[in-house]
1. Taking the Cα centroid of region 311-353 and of region 185-253, what is the distance between the two, rounded to the nearest whole Å?
2. Please report the carbon-and-sulfur percent of the accessible area for region 127-256; probe 1.4 Å, protein heavy atoms only, DNA, RNA and ligands left out.
3. Measuring from centroid to centroid over Cα atoms, what is the spacing of region 281-304 and region 491-536 in Å?
4. Amide H neighbours of PHE234 under 5 Å, at least 5 residues apart or on other chains, H built in the peptide plane: list them.
5. Just how far, in whole angstrom, is region 107-167 from region 427-463 if you go by their alpha carbon centroids?
6. With a point put 7 Å past each Cα toward its Cβ, work out how far ASP306 is from LEU273 in nm, to one decimal.
7. Check ASN426: other-chain or 5+ apart residues with amide H under 5 Å from its amide H, H built from backbone geometry?
8. In angstroms, what radius of gyration and Dmax does region 338-414 have, counting Cα atoms only?
Amino acid sequence: FLNPLQHASRGRFEQALASVKPDAGVTSSSDAQGLPFWWEAVWDLDMMKAGNPGEKVKFSDIARVFKSNIEQIYGGYASLDGCPLAEGELTDIADGTMFVGLQQYMRDYGSPYKLCFGPKSFLVISDPVQARHMLRDANANYDKGVLAEILEPIMGKGLIPADPETWSVRRRQIVPAFHKAWLKYMVGLFGFCNQPLIESLDKLVKKGGKVEMEEKFCSVALDIIGKSVFNYEFGSVTDESPVVRAVYSALVEAEHRSMTPAPYWDLPFANQLVPRLRKFNADLKILNDVLDNLISRAKQTRSVEDIEELEKRNYAEVDDPSMLRFLVDMRGADIDNKQLRDDLMTMLVAGHETTAAVLTWALFELTKNPACMDKVREEIDRVVGDREPTYDDIMEMKYLRLVVAETLRLYPQPPLLIRRCRTEDNLPNGGGREATVIRGMDIFLALYNIHRDERFWPNPDEFDPMRFTRPYQNPDVPEWGGFDPKKWENKLCPTEIASDFAYLPFGGGQRKCIGDEFAVLEAVVTLSMVLRRFEFAFDESKMTNVDIADHPMNLEHPVGMRTGATIHTRRGLNMVVKRREI
Ligand code: HEM
């Protein structure tokens, strides 16, 4: 449908424009960037089509889009939604550093702007008021769009990609699994799972001390998530089994897909013919077999209980404290095998690399900031010493929790959230401009941009964990409620509420991360155990000649590290480690 339209419309509309304004000065920002306006109409129609699967785009829609585009071009706007257009290079999305480019566009165009990659376009939102609207107030108007399509082969209908109907049933059943008694028990498990990491670092110290810490953190996070979610021992810190390789391969493919604009995996016979897809499918089978096995075993020993009873369990006496056990035992829970597997797979993917990324960046920032490192160590020495930390210790180590929070502000992983508009919606202006989001529009919510915007975070690029203890208001953005430390007083970490949606490492609103507390507890335990025992310095021999301050998230970074966003190309956090003298 769209191709002939593109060809036919090109000449006619350019002619039509010329006759209306024969020597018109260029008024549309899209024209100013060399994008012909008919493309915008095609994009807008393409959105509507995507938002309407199975339904034909009506003639009235086509007429409306073209009329509106012509009006808006002459009214000085660029596209149907009234947003300026930015033109992207496809390579920007393929190399995993797209969010750095998105920040530059935000400085040029504000929020929102429309980013066009060849035939595809995304509305990019970089404003807390608009984020609050989309994530919380008008959440029902949006779904996971492109993300759900990409993740479906791996996570099926797990919570992250789930459509709103599946999501509302599953979320209600999974939330109780993260109850307080379980989280407290998990803290002990985190300490236990960190012991092999300590031993492995000790061995490396004896061999000269060179270590790639991102890989180590990935391994410990995998061991933790395997044990806590389905009581499975990956043992990845000490070994690399075929199952561990299969997990990494599935993660790599998920990453790759999330940055590949063309869904080549959907092409006929691609799964049989493309070697990387054949490997991916084989790895996914290994993983699914393991999960299916664990699920059948858990179901064979099912002992049904009410949620209230399950939440009161004495975990010290429970054989299998895993989340799988809880979900299987819950009375009235939907325990369809496929759904359980999708949920477990989702936890595995969601809870592994994200935590590994925050650990990696925290160590990176602390190594760069010795004064912060000293403060962290003073706290760990005073509160925990050589013990394994408890839940109460973590509550007492406020500075270390703030270090984790500040790391998540500077390096949110994921750096953007993806949505698709289900019903036409109007965005408030906030600190940007009002816009109409048309049905089917794909959206990037650029967390990285919001987290590093000086209108919401003074000295935004500075690593300053104590910023979360200071209130902040900005009268220039009256719709934004500011940052209020009192609003997170009884929580583990600052929240989206305390920052009125300017701090969103775990998202916000109804689809907020379900594992946020789990992740912070895990990060604090791991950092406190590692930093108590070891000293780290950057491995100079691995550095490139690119200035450290230039591109903190760039591929050419001196330590070659990025967030887990592209595991397959990462070069890791190369360090020299030695035992700490206490
Ligand atoms: C530092 C670690 C983590 C970060 C930064 C993080 C970040 C996020 C973000 C930003 C979202 C919202 C996605 C969206 O709105 O599109 C999310 C959702 C989710 N996360 Fe996490 N996450 C982390 C750890 C975990 C852990 C440990 C688990 C599970 C054990 C987990 C499970 C989930 C699930 C199931 C969702 C989907 C929730 C829903 O849609 O209802 N995450 N996470």
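1. Between the Cα centre of region 311-353 and that of region 185-253, the gap is 21 Å.
2. The computed percentage sits at 54.
3. Centre-to-centre distance over Cα atoms comes out at 30 Å.
4. When sequence neighbours closer than 5 places are left aside, the close amide H contacts are LYS227.
5. If you average the Cα positions of each part, the centres end up 13 Å apart.
6. Reported label-point gap for ASP306 and LEU273 is 5.9 nm.
7. VAL437
8. Answer for region 338-414, Rg first and Dmax second: 15.3, 50 Å.
The values are calculated or read from the model by the stated rules, or taken from the named source; none is laboratory data. Since this is a predicted model, take the numbers as computed values, not measurements. Every residue, glycine as well, gets a Cβ built from its backbone with ideal geometry; the counts of neighbours run over all protein chains shown. Only protein heavy atoms, including side chains, enter the accessible area calculation; ligands, DNA and RNA are left aside. Shrake-Rupley method; radii C 1.70, N 1.55, O 1.52, S 1.80 Å.
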